[in-house]
1. Grab the other residues whose beta carbon is less than 12 angstrom from that of Asp43, score K and R as +1, D and E as -1, and report the net.
2. Over 32 Å between Cα atoms: which of Lys51/Lys125; Lys33/Lys151; Lys27/Lys81; Lys94/Lys121 fall into that group?
3. In whole angstrom, and with the biggest value first, how far do the Cα coordinates of the stretch 25-121 range along each principal axis?
4. In the stretch 58-171, carbon and sulfur make up what percent of the accessible area (probe 1.4 Å)?
5. What does the charge count around Arg141 come to, taking other residues whose C-beta lies under 12 Å from its C-beta (Lys +1, Arg +1, Asp -1, Glu -1)?
6. For the stretch 105-169, with every protein chain kept in place, what is the accessible area per residue (1.4 Å probe, Å²)?
7. On full extension of the chain, what length is gained from Leu39 through Lys51, given 0.36 nm per residue of separation minus the C-alpha to C-alpha distance?
Amino acid sequence: MTQKYIDIKKYDKVLKAVFVGGNISVKEFELEKTSNLNLSEHDMMWKILNKKVQNHMSKNDWERARIAYLDMASFLREEGKDAFNALHGMNKCKLLSLKDLEGFVIGVTIQTMGGCEVCSKLQGKEYTIDDALETNPIPIRECTTQIGNSKKGWCRCSYRPIIKIGNEIKR
């Protein structure tokens, strides 16, 4: 029986595309690749990222799921593809993590990070967490901010918690 070896240099670029959070190690990728030799490096990356999102979400580990979605978005951006759905998943996980802090976090405000003209209209707008989960105000599909290889807008808007400590509210 001939053993098949994996050339790390061959998929190094694929791994480097997912740079945020270091969510996938070379060792992890290599282990998955040895058990799935028929998948391309591209397909392997998606398999690993989807598995991570599902695993973290099933455990209500919203922060790790958020990072996996960010890795997906980064991978799509590197490929010059639309990352809107991955950015949406990332923002939803942020809201779900804040929802776990209900009573302490009473809402969110949108921070536009110096974004495009479309995004700037939302700067400082406030939502309850439930309203933000229902209406999905960010990411903004019409965003024109370009980052890296993104062909479509890369909405950098984020949720900032509104915190209540005693009778004091901090925005």
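1. Value of the local net charge: 0.
2. In this structure, Lys51/Lys125 exceed 32 Å between Cα atoms.
3. Reported extents, whole Å, longest axis first: 48, 33, 18.
4. 47 percent
5. Result for the neighbourhood of Arg141: -1.
6. Heavy-atom accessible area per residue stands at 57 Å².
7. 2.8 nm
The values are calculated or read from the model by the stated rules, or taken from the named source; none is laboratory data. Since we're looking at a predicted model, the values are computed, not measured. Here Cβ is always computed from backbone atoms with ideal geometry, including for glycine, and neighbour counts include all displayed protein chains. Areas reflect the complete protein model, heavy atoms only, side chains present, ligands, DNA and RNA absent. Shrake-Rupley method; radii C 1.70, N 1.55, O 1.52, S 1.80 Å.
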